[in-house]
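Down below is the structure, laid out as structure tokens.
The values are calculated or read from the model by the stated rules, or taken from the named source; none is laboratory data. Everything numeric in this text was worked out from a predicted model, so none of it was measured. Note that we place each Cβ from the backbone using ideal geometry, even for glycine, and neighbour counts take in every protein chain shown.
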Amino acid sequence: MTLIKSISGIRGTIGGNVGDNLTPVDAVKFAASYGTWLKDYSGKEKLKVVIGRDARLSGEMIQNLVVATLVGLGIDIIDLDLSTTPTVEIAVPLENADGGIILTASHNPKQWNALKLLNEKGEFLDAAQGAKILALAEKEDFDFSEVDDLGTIVKNDSYIDIHIDEVLELPLVDADVIRAKKFKVVVDGVNSTGGIAIPKLLKELGVEVVELYCDPTGHFPHNPEPLKEHLKDICELVVKEKADFGIVVDPDVDRLAFISDDGEMFGEEYTLVACADYVLGKTKGNTVSNLSSSRALRDITQRHGGMYEAAAVGEVNVVTKMKANNAIIGGEGNGGIIYPESHYGRDSLVGTALFLMLMAEKGGSVAELRASYPSYFMSKKKIQLTPELDVDGLLEAMYKKYADEDVSTIDGVKIDFAENWVHLRKSNTEPIIRIYTEAKSQTEADGLADRIISEIKTIAGL
């Protein structure tokens, strides 16, 4: 069982001992820390916070604890109940709220849950803000409100519909163009809130929807991370239904993956590539993704005359660089689309609409679209951390070993070779070192990863 405290929030497994897992006591403590920080940060007498959750089994329990804690601090709550991460993000500024909390462990299995923390813009907190909240949690120095000053709760279950309306109003989304194509799409909502939001959006766009695991019970029918090895059912159903393509989202709907019409994975890395291809074809500009994302985005951006830059891994880092470089679209290679015209957060609803526009205007099949993009193959492996490993020392040793190459150390160690690359970094959410590689073939990518793992083990004396 695990409890992981990071600048972006607190994530852990349900049950077990206080301080070792995400127990009710831990949920209350970190909600109180966030509320206490927010009161100081905003400087306001009266605050408002938006709360929403995915459909995982522990969601209602954690939501009740978090809401009650904030009410106890005198903070008013807008309760969206079942929602999505991007829906909460857009709700915060629309409600003129001072912050937001999304109760979701994203792609983690059902035993996990988390508190994801937002600022008044509906964006994730930066490192300094997150560090202050962690420090407050250690002190447990909270000043709760007296009875006449308790917060209030207003329930609002309309925000998924409001979110869809916001997507339909985007200048680069033309619902009539999409409706005219009469697409047929299979949706795997992993029995969470994507099963509510994505079919609703598609139906508004005149798409025939075949629903698979779209009942938001929280009983995930497969590992909820949208990777090929977990998606056999939808791959088969897309072919059986003769659908144009399939859509898969994670439980909180900020990661988006497509299944091509032939039942093959379009590739999570290529979700952003395709959406950027459409946006850059309409609007000249720059792009950003993280260091672990495919070179294909760089290639497509340059093809359209724009400039590509890489940020450290983590949504807040990508957003920061996007703002600095005036990027018109960006995101992460895990299927996260960030489109500032909507908001600065990963959004599968926005990504779905942009992809449908691309397909409607380009014509042809999804498989043909995928074949038109630069072909790269990635390997994503990991080394389990143990207490005796000096991880920072290992990364420093790898940096020195490849110092003559094009090396970045803004987030772990990224080594860019002429024909491939490798990125080594400590995970923010799990006790592991991640080894990401990319090359012109799967064999080459896997081989590079295995070679680097072997070199790390040799240096570590394993």
**Fill in**
Reported set for region 270-323 where residues are assigned to a strand (DSSP E or B) and either in contact (Cβ under 8 Å) with a residue 60 or more places away in the chain or buried (at least 24 other Cβ atoms within 10 Å of the Cβ) (or both) is T287, V288, S289, N290, A310, A311
**Asked** Only one residue in N113, N64, N96, N108 is polar (S, T, N, Q) and in a strand (DSSP E or B). Which one?
**Response** N113
**Asked** Given the residues G194, G189, which is the only one that is in the same structural domain as D244 (by TED's automatic domain parsing), crowded, with 20+ Cβ neighbours inside 10 Å and in contact with a Cys (Cβ under 6 Å, 6 or more places away or on another chain)?
**Response** G189
**Message:** From the list I10, I62, I51, exactly one residue is in the same structural domain as K121 (by TED's automatic domain parsing) and closer than 22 Å to A128 by Cα. Which is it?
**Reply:** I10
**Asked** Inside region 397-411, can you point out the residues that are surrounded by 11 or more Cβ atoms within 10 Å (Cβ to Cβ), of a type in the set (D, E) and free of Cβ contacts under 8 Å to residues at least 12 places away in the same chain?
**Response** D406
**Message:** Cβ-Cβ under 7 Å, sequence separation 6+ or interchain: first residue in region 324-337 and farther than 15 Å from D254 by Cα and without any contact (Cβ under 8 Å) to a residue 40 or more places away in the chain, partner among the polar types (S, T, N, Q) and surrounded by fewer than 24 Cβ atoms within 10 Å (Cβ to Cβ). Which pairs?
**Reply:** N325/N286
**Request:** Would you point out the residue of region 80-96, among those that are buried (at least 24 other Cβ atoms within 10 Å of the Cβ) and of a type in the set (S, T, N, Q), that is farthest from D254 (Cα to Cα)?
**Result:** S83
**Fill in**
By residue number, the members of region 380-423 that are over 29 Å from P226 (Cβ atoms), among the aliphatic types (A, V, I, L, M) and part of a loop (DSSP other than H, G, I, E, B) are L389, A403, A418
**Request:** Considering only residues that are in a strand (DSSP E or B) and among the β-branched types (V, I, T), look in region 1-51 and name the one that is modelled with the lowest pLDDT.
**Result:** I4
**Request:** Give me a count of the residues in region 1-32 that are touching a Ser or Thr at 6+ places or on another chain (Cβ under 8 Å) and basic (K, R).
**Result:** 1
